[in-house]
1. How big is the gap, in Å, between the Cα center of region A:220-290 and the Cα center of region A:106-167?
2. Can you give me the relative contact order of region A:190-254 as a percent, contacts being Cα pairs under 8 Å and 6 or more apart?
3. Within 10 Å of each Cβ of B:164-173, how many other protein chain Cβ atoms are there on average?
4. What is the sum of charges, Lys and Arg at +1 and Asp and Glu at -1, for the other residues whose Cβ falls under 10 Å from the Cβ of B:Asp191?
5. Is region B:34-182 rounded, prolate or oblate when judged by the Cα gyration tensor, a ≥ b ≥ c being the square roots of its eigenvalues, rounded requiring a/c under 1.5 and prolate requiring a/b larger than b/c?
6. List the chymotrypsin sites (Phe, Trp or Tyr not before Pro) within region B:1-89 that fall in a DSSP loop (any state other than H, G, I, E or B) and whose Cβ has at most 14 other Cβ atoms within 10 Å.
7. Compute the Cα gyration tensor for region A:38-80, then decide on rounded, prolate or oblate, letting a ≥ b ≥ c be the square roots of its eigenvalues: rounded whenever a/c is under 1.5, prolate when a/b is larger than b/c in the other cases, and oblate in all that remain.
8. Could you order the peptides A:296-309, A:48-61, A:242-255 from most to least packed, using the average number of other C-beta atoms within 10 Å per residue?
Amino acid sequence: MSGWLLLSPRLAAAMGGIFGLLIVASAAIWGLKRAWPAKDFTELAQRTKSWWAMAAAFGAAVLTGPGLSFVFLAAVSFLALKEYLSIVPTRRADRGVLVLLYLAVPIQYAWVASGWYGMFIIFVPVYMLLFLPLPMLIVGETQGFLRAVGTLHWGLMVTVFSLSHAAYTLMLPAAPNAIGEWRDPHTGAALMIYLVVLTQLNDVAQYVWGKLFGRRKIIPAVSPNKTWEGFLGGVLTTTALSAALGPWLTPIDLGNAAILGALLAVAGFVGDVTVSALKRDLGLKDTSQFLPGHGGVLDRVDSLTYTAPLFLHYVRYVCY
Amino acid sequence: MQWLRLLFFFLIVRPAVLFLLGLYVKREELLPKQGPAIVVANHNSHLDTLVLLSLFPLRLLPKVRPVAAADYFAGADTALGWIATNLIGIIPIRRNGSALASMRDDPLKPAAEALAQGSILVIYPEGTRGAPETLAKFKNGVAYLVERFPAVPVTSVYLCGLGKAWPKGARWPVPLLCEAFVEAPLRWCGDRAAFIAKLERRVTEMSKLGDFPGWDHEPSAAAEKRTLEQEK
């Protein structure tokens, strides 16, 4: 399951599709700029440029084999965790705990890379939960103990535990695709591309449907720009796309691909809104300015933190 | 040794500042593009100097010199002294304010010479790192220096988050995001006290721009209960 470039025909076609979409998007922005020279498309252009960078990094990581993919996703987890720890209030006494949290990133991804599913699934929820407070006890700081334990562990669950599920899809065994045409030795890579692309396209679809037809607000107290039209348009688009792509690229059959599409769309929405609630609580617009046009890494992967676990468990239990 | 300093910043400091810390700069274009110039900043951490120096393009780096306390970064015979002198490129000055008046034994002389040669000086008017993420009272040294070079622009930078990433007294840094806000340069106004007051006001204003919270100090339920009982 290794190799310098995992270019099986299906993977190559999928990657080609991603970059094809980006070329279309860049061309569309170029056209928009020419058609309405007075209008400001800076944010849209910045967003697309950042998409290019993300697609290039993700593509390079996936196609050079699972090793680099684990490193790439571990780096994403690290950056998201760092953003989270920077924006939440922490106590000075908890510097040791922060070090422990950062150490959990390589450890969690080592469980993933070794394929030890049992440890991967309990390390953060059980052992980090139990032993995270230990440095606080040694320092002896009890003021604000509960708040610190709660905020720090929640952040670790979202940025490291949840996101590492996307990496674990690479460990799923090789299987023929659902239409039985062809057996891909890199099924794991295909599943991860499928998960990440559908999650990100769902974000874009909800945004575009909302911009075009959005009228009724869905959850104004948390995220005033989200509308029912955007949400439902996203669910329909992602379900259709999933049904079209799933059986061709992965072992997921048509029915399950449709269910997964709807599931990913709803979960992605919940993840997006959850991080919005966090930012609202802290009085921030973005978690950082790491990705021009998008905000922070956590802003970009907010929906993935919810879709990755659902996707992995659904595929593991239902499609194998 | 200049090439060693450039390599150190290109291969180690900049990647670390971008990936391990994560830096967001606002109004970078207001930084001086040539010497002589002075950059003043708030000081909470050893990381401040590394971050400030990474704000400048490598081409300018040989000119950028942080002014630092000679007693702390003592000479080239300790490891810290060697790093400070050769890799960071500090200008060591003695920080005993009382000697300022006597020109015969002028503590600012090395800094003044560097300015005369067209350097970009980095100065922390607070004098020391102090308590994390709080601004201490400014010292007068920078005003004495600008008085001698009234044409030199003084650009202020506010750094946010570094006092949490590596506060005074902590042994190791912890990765946390930081921000740098740059403000348009200030010119010499003819009066030392007025100049320092103006500079201090400007940096204090800028300190409100930061996005990151300080240390969490919310009193716990138990502490509130105790104070209530004491009041009774």
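Every read-out reported here was derived from the displayed coordinates using simple, explicitly stated rules and does not represent laboratory data. Everything numeric in this text was worked out from a predicted model, so none of it was measured. Neighbour counts are summed over all protein chains in view; Cβ atoms, including those assigned to glycine, are modelled from backbone coordinates with ideal geometry.
1. Region A:220-290 and region A:106-167 have Cα centres separated by 25 Å.
2. 36 percent
3. Mean partner-chain Cβ count within 10 Å for B:164-173: 2.
4. Charge balance in the 10 Å sphere: +1.
5. It is rounded, given that a/c, with a ≥ b ≥ c, falls under 1.5.
6. Those that pass, being in a loop and sparsely packed, are B:Tyr72.
7. It is oblate, given that a/c is not under 1.5 and a/b is not larger than b/c.
8. A:296-309, A:242-255, A:48-61
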